[in-house]
Amino acid sequence: MGSVSDDFTTPEQADFAAAVQTGLSQRPRTIPARFFYDLRGSELFEDITCLPEYYPTRTETALLRRHAADLARLAGQGRPIIEFGAGSATKTPLLIAATGASTYVPVDISGEFLEQSVATLAQAHPQLRIVPVVGDFSRPLDLPQLNRPLTGFFPGSTIGNFDHAAAVDLLRSFRQTLGKDARLVIGIDTVKDVPVLEAAYDDAAGVTAAFNLNLLHRINRELGGTIPVDAFEHRAVWDAAHGRIEMHLLATRDVEFRAAGQNFTMPRGETIHTENSHKYTLAEARLLARSSGWEPTAFWTDADGLFGLHVWTA
Ligand code: AVI
């Protein structure tokens, strides 16, 4: 019998297998949220962003549109934009147009995903210089030669998927990567009424449920899993103590299965914790900026206070 790294040959598969082995063996059981995003998971996430209950995407997009003139003034005009993540076909062009950037540097760990989004952007903006960087943006990066200072872009409240300590580390590392006089345009979801929050993560059409359950299908597809997916249900609950929505997969009966070369048993009622999505009040968001070496410069929200768009200065 080979070890896990022999059985699951690509580095991505070995990483996934190791995370599943460790995560399903501990209590509470967890699988890190980054494993949601295989091809199917990425498609489902795109569908989530269009759901009526999922307010973040359309609210942030409207804020980028409404505050184009403010962004031109405060986010740094004509600077190269470094986006942490492969970029969104809608939001990225809005920031580029607002600030008049002529160079765009998307940073993503997945070369394939990066290629796709670069191709879409290049077609729509033939005059834009696009310099994709394949790399892990959670570590300080060496960027190509660029005209400094730089403006970073981290939309979507992706910061919310990191625990507080990890969020501070990440934002510090952005600061280091971006360098002197940098600006960061960052979208951060706000704390709001619990029913609104829970509906955003448990929509009526069941798309978020499918996104969560896809993680189990992915284990079955890629790691020789025998998980009876029909025995699991999606749960999304607001945890007031931590200020976050937690997503779980709940076993609705006793189950036994194999995954990543190991046997697991789970009694009915136990869950696998799959994601945290932290929400920040304005005061908490400012504290997050200052604890990670940034100075909060500007903040905009919509009439209902559903989402926050911030500009920070290094
Ligand atoms: C990517 N991230 C910011 C999303 C969020 O809202 O935390 C992921 C997501 N999970 C369920 N719905 C959306």
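Matching residues to (1) at pLDDT 95 or above; (2) part of a helix (DSSP H, G or I); (3) surrounded by 15 or more Cβ atoms within 10 Å (Cβ to Cβ):
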| residue | (1), (2), (3) |
| --- | --- |
| E46 | no, yes, no |
| R65 | yes, yes, no |
| A72 | yes, yes, yes |
| I96 | yes, yes, yes |
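Residue by residue through segment 98-115, note down the ones that are farther than 23 Å from T313 by Cα and either small (G, A, S) or surrounded by fewer than 20 Cβ atoms within 10 Å (Cβ to Cβ) (or both).
Within segment 98-115, I109, S110, G111, E112, F113, E115 meet the criteria.
Look at segment 201-213 and say how many of its residues are over 18 Å from the mean Cα position of the chain (by Cα) and either crowded, with 18+ Cβ neighbours inside 10 Å or among the acidic types (D, E) (or both).
As a first pass, look at segment 201-213 and keep what is over 18 Å from the mean Cα position of the chain (by Cα): 203-206.
Cutting the leftovers down to either crowded, with 18+ Cβ neighbours inside 10 Å or among the acidic types (D, E) (or both) gives us 203.
Count: 1.
Quick test for you: out of P149, P228, P155, P144, pick the one residue that is of a type outside the set (D, E) and under 30 Å from Y55 (Cα atoms).
Selected residue: P155, the only one of P149, P228, P155, P144 that is of a type outside the set (D, E) and under 30 Å from Y55 (Cα atoms).
Show the residue pairs meeting these rules: Cβ distance below 6 Å; 6+ apart or different chains; first residue within segment 233-255 and surrounded by fewer than 18 Cβ atoms within 10 Å (Cβ to Cβ); second residue hydroxyl-bearing (S, T, Y) and in a strand (DSSP E or B).
These pairs meet every condition: L250/T271.
Anything in segment 19-44 that is in contact (Cβ under 8 Å) with a residue 60 or more places away in the chain, outside any loop (DSSP other than H, G, I, E, B) and more than 18 Å from the chain's Cα centre (by Cα)? List them, or say none.
Answer for segment 19-44, where residues must be in contact (Cβ under 8 Å) with a residue 60 or more places away in the chain, outside any loop (DSSP other than H, G, I, E, B) and more than 18 Å from the chain's Cα centre (by Cα): V20, Q21, G23, L24, S25, R29.
Within segment 116-137, does at least one residue satisfy the condition of being under 15 Å from the mean Cα position of the chain (by Cα), at pLDDT 95 or above and either surrounded by 21 or more Cβ atoms within 10 Å (Cβ to Cβ) or more than 22 Å from R73 (Cα to Cα) (or both)? Write out each step before concluding.
Of all residues in segment 116-137, those under 15 Å from the mean Cα position of the chain (by Cα) come to 136-137.
Filter once more, so that each one left must be at pLDDT 95 or above: none.
No, because not a single residue in segment 116-137 is under 15 Å from the mean Cα position of the chain (by Cα), at pLDDT 95 or above and either surrounded by 21 or more Cβ atoms within 10 Å (Cβ to Cβ) or more than 22 Å from R73 (Cα to Cα) (or both).
On the given criteria, is R172 away from the ligand (no atom under 16 Å from the Cβ) and either among the hydroxyl-bearing types (S, T, Y) or over 26 Å from A241 (Cα atoms) (or both)?
Against the criterion (away from the ligand (no atom under 16 Å from the Cβ) and either among the hydroxyl-bearing types (S, T, Y) or over 26 Å from A241 (Cα atoms) (or both)), R172 does not qualify.
Sort out which residues of segment 148-169 are in a loop (DSSP other than H, G, I, E, B) and either within 13 Å of the ligand (Cβ to nearest atom) or among the acidic types (D, E) (or both), and write them in order of number.
In the first step, residues of segment 148-169 are kept if they are in a loop (DSSP other than H, G, I, E, B); the result is 148-150, 155-157, 162-163.
Correct list: P155, G156, S157, F162, D163.
So if I check each of T61, T57, which one is in contact (Cβ under 8 Å) with a residue 24 or more places away in the chain, in contact with a Cys (Cβ under 9 Å, 6 or more places away or on another chain), within 16 Å of the ligand (Cβ to nearest atom) and not in a loop (DSSP other than H, G, I, E, B)?
Step by step, each of T61, T57 is checked, and only T57 is in contact (Cβ under 8 Å) with a residue 24 or more places away in the chain, in contact with a Cys (Cβ under 9 Å, 6 or more places away or on another chain), within 16 Å of the ligand (Cβ to nearest atom) and not in a loop (DSSP other than H, G, I, E, B).
Considering every residue within segment 214-227, establish whether at least one is among the hydrophobic types (A, V, I, L, M, F, W, C), surrounded by fewer than 17 Cβ atoms within 10 Å (Cβ to Cβ), modelled with pLDDT of 95 or more and away from the ligand (no atom under 12 Å from the Cβ).
No, there is no match, as no residue in segment 214-227 is among the hydrophobic types (A, V, I, L, M, F, W, C), surrounded by fewer than 17 Cβ atoms within 10 Å (Cβ to Cβ), modelled with pLDDT of 95 or more and away from the ligand (no atom under 12 Å from the Cβ).
Quick check on G152: is it touching a Leu at 6+ places or on another chain (Cβ under 8 Å), modelled with pLDDT of 95 or more and over 17 Å from P106 (Cβ atoms)?
No: the conditions fail for G152.
The values are calculated or read from the model by the stated rules, or taken from the named source; none is laboratory data. If you're wondering where the values come from, they're calculated on a predicted model, not measured in any experiment. Here the Cβ is made from the backbone with ideal geometry for all residues, glycine too, and neighbour counts use every protein chain on show.
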